[in-house]
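First the structure, in the form of structure tokens, and then the observations on it.
Read-outs throughout are calculated quantities, based only on the coordinates presented, and are distinct from any laboratory measurement. Just so you know, these numbers come straight off a predicted model, no measurement behind them. Cβ placement follows ideal geometry from the backbone for every residue including glycine, while neighbour counts extend to all protein chains displayed.
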Amino acid sequence: MTIAIGSNRAEIRQELSRATYDLLVIGGGILGTSVTWMAAQAGLKVAMVDAGDFAGATSSASSKLVHGGLRYLQTGNVKLVAENHRERRALAADIAPHLVKPLTFLVPVYKGGPHGAAKLGAGVFLYSALSVFGDGMGKVITPHQALARVPALRTEGLRAAAVYGDHQMNDSRVAVMTVRAAVDAGATVLNHAEVIGLRKTGGTVTGADLRDWLDGSEFGVNARLVLNATGPWVDHLRRMEDPDAAPSIRLSKGAHLVMRRQQPWKAALTTPIDKYRVSFAIPWEDHLLLGTTDEAYEGDPAEVKATEADITQILDEAGHSVQDSQLRREDITYAFAGLRVLPGGPGGVASAKRETLLSRGKSGMLSVAGGKWTTYRHIGKLVLDTLAHLPGRPLGDDLAAILPAVPLPGLASPEAVALRLWTDREPGMRMDPLIARHLATHYGSIAFDLARLIREDPALGERIHPDGPDIWAQAVYARDLEWAATVDDVVRRRTTLTVRGLDTPDIRARIAELLAG
């Protein structure tokens, strides 16, 4: 039996309890969704569960970048940058051009700064060369040219700016689309379902017992192999398998701010803070995204948040290159934090390697941690290849070949989608251009499904909040076809209400009623 998109939670729980899966993935973040998608493409019977929402923790608390990693050049990791560029361009061209868009970055050079114009010019030229100049040629421009692109740029002591190209996205929407792609390929998924115990057969982990957070019901899932992809909680689950399991990771907190933008920016800023750290100021969702921090975190992963100290640090570091008028605290609409999962070991977290960790426990459970959005497909393939070649071949013979560039649902030109939505000739159906653009860049061609909802009920075409582009059709679609089960699922990860500071108590109450209906 295949569980279709739009099935209710009871039907999904019943299917999870009834079937025996080739692979059970615990964790629906970057790694879990990618592996589930790849495994389903490869023909495995795969299930994925998450204690919270899909990408509900760190995977929706990123810097929203799909990038090659300019700073990796400083450590001489040219091969990694080239690999990142290949994946970045694949996402932008073949996998998700409706969700991943190009963005120009400036690196301002100030008098007394940690890097000179010549060094940065050489760096961005090499960076663009490793991308085969697909985003233009990295170069150095004058302060006047830089100010034309970023009007809020601080000009005191500005000597020049280096220019390079990368991409950005809305991480929550990419995650939801990846889950949908996995389900389209045959996976069974359920969010808000917490693992309360591991099932074992003959000393080998063969499934998990779960509790549905929404109604308290308990159920179990049987599987030939279990993958622990729980991010910051990876060691918690490893200790569930083996109480004596030694710690394998450490955590670093990265906080960000979202601010109202005073005027349009044509580029983002990558500002060197010292020889190793940078501060980002990125135009995103008609706002400005600032960050990030990088400090050791030893608390409960569920309690991570942006503190007053984080906010002060981010504003101070942004002030190296951004004018004070753009950094007013009253313009902050949202502050958030996530946790990077790093290898255990000595030294500071800022210098720790950003790498994917794979291990197998004494009872056969495989654990994976680390990863980043830019290379999430590549990492998913790597994990799946590892699963296929485990001792004893728990998944049988080699897996079927995985198509190299299967697109995410909704693949289309956002410009073409927006134009069609805006120019709809049906009486009374012409959509506001801002709303049309918003839907096109968050759903691609799936935006036409939302337009059909509006045709059936014109009230769904109304804005949820007058100051934002999100409409009520998105909330209905999130409830019925995107696994949104809580108010936060809708306002934080299926729409942009929270990041814009528009999730008022009245709106949250109306969405709660809609979810209960």
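Compared with the alpha-carbon gap, the fully stretched path from GLU513 to ARG455 is longer by 18.7 nm at 0.36 nm per residue.
A compact globular protein would have a Cα radius of gyration near 2.2 N^0.38 Å; the ratio found for region 246-393 is 1.26.
Of the residues THR204, THR423, THR292, the one with the fewest other Cβ atoms within 10 Å heads the list, and the complete ranking is THR423, THR204, THR292. One decimal place: the segment GLN323-ALA309 gains 3.0 nm when fully extended, by the rule 0.36 nm per residue minus the C-alpha distance.
Going by C-beta contacts inside 10 Å, put LYS381, LYS119 in order with the fewest on the left. Don't skip to the answer; put the middle values down first.
Values: LYS381 18, LYS119 13.
Ordered from fewest to most neighbouring Cβ atoms within 10 Å, LYS381, LYS119 come out as LYS119, LYS381.
For the pair ARG71 and THR333, the difference between a 0.36 nm per residue extended length and the Cα-Cα distance amounts to 91.5 nm. Sorting VAL140, VAL176, VAL107 from the fewest to the most surrounding beta carbons within 10 angstrom yields VAL140, VAL107, VAL176. Can you list the aspartates and glutamates whose alpha carbon sits under 12 Å from that of LYS64, skipping same-chain ones fewer than 8 residues off? Cross-link targets: ASP166, ASP171, GLU285.
Calculate, in whole percent, how much of the Cα-Cα pair population of region 280-346 lies beyond 20 Å. Intermediate results must be reported in sequence, preceding the final value.
Working: 756 of 2211 pairs.
Here the long-distance tail beyond 20 Å is 34 percent of all Cα pairs in region 280-346.
Spin-label model, MET137 to LEU419: label points 7 Å out along the Cα-to-beta-carbon direction sit 3.1 nm apart.
Pairwise Cα distances in region 1-148 exceed 27 Å in 44 percent of cases. The three principal axes of the Cα atoms in region 110-242 give end-to-end lengths of 67, 33, 31 Å, sorted in falling order. Over the chain, the hull volume per residue, using the convex hull of the C-alpha atoms, is 150 Å³. Among the chymotrypsin sites (Phe, Trp or Tyr not before Pro) within region 93-142, those in coil by DSSP and having at most 14 neighbouring Cβ atoms inside 10 Å are PHE133.
Could you grab the relative contact order for the chain? Cα pairs under 8 Å, six or more apart, rounded to a whole percent. Before the final figure, lay out the partial values.
Values: 1061 pairs, mean separation 97.7, N = 517.
It rounds to 19 percent for the chain.
So what's the back-of-envelope 222 nm ellipticity for the chain, counting only DSSP H runs of four-plus at -39500 (n - 2.57) apiece and dividing by all residues, rounded to 500? All intermediate terms of the calculation are to be shown ahead of the outcome.
Working: 14 runs with 154 residues, N = 517.
Only helices count here, giving -9000 deg cm²/dmol.
Within a Cβ distance under 10 Å of GLU87, other residues only, what is the Lys/Arg minus Asp/Glu net charge? Around GLU87, the charge tally is +4. Dividing the radius of gyration of the alpha carbons in region 203-249 by their Kirkwood radius gives 1.01 for Rg/Rh.
Go ahead and collect, in residue order, the members of region 436-468 whose backbone nitrogen is under 19 Å from a label point 7 Å along the Cα-Cβ direction of ASP506. Residues 459-468 fall inside that zone.
Semi-axis lengths, largest first, of the ellipsoid equivalent to region 414-516 are 22, 13, 13 Å, with √(5λ) applied to each eigenvalue of the Cα gyration tensor.
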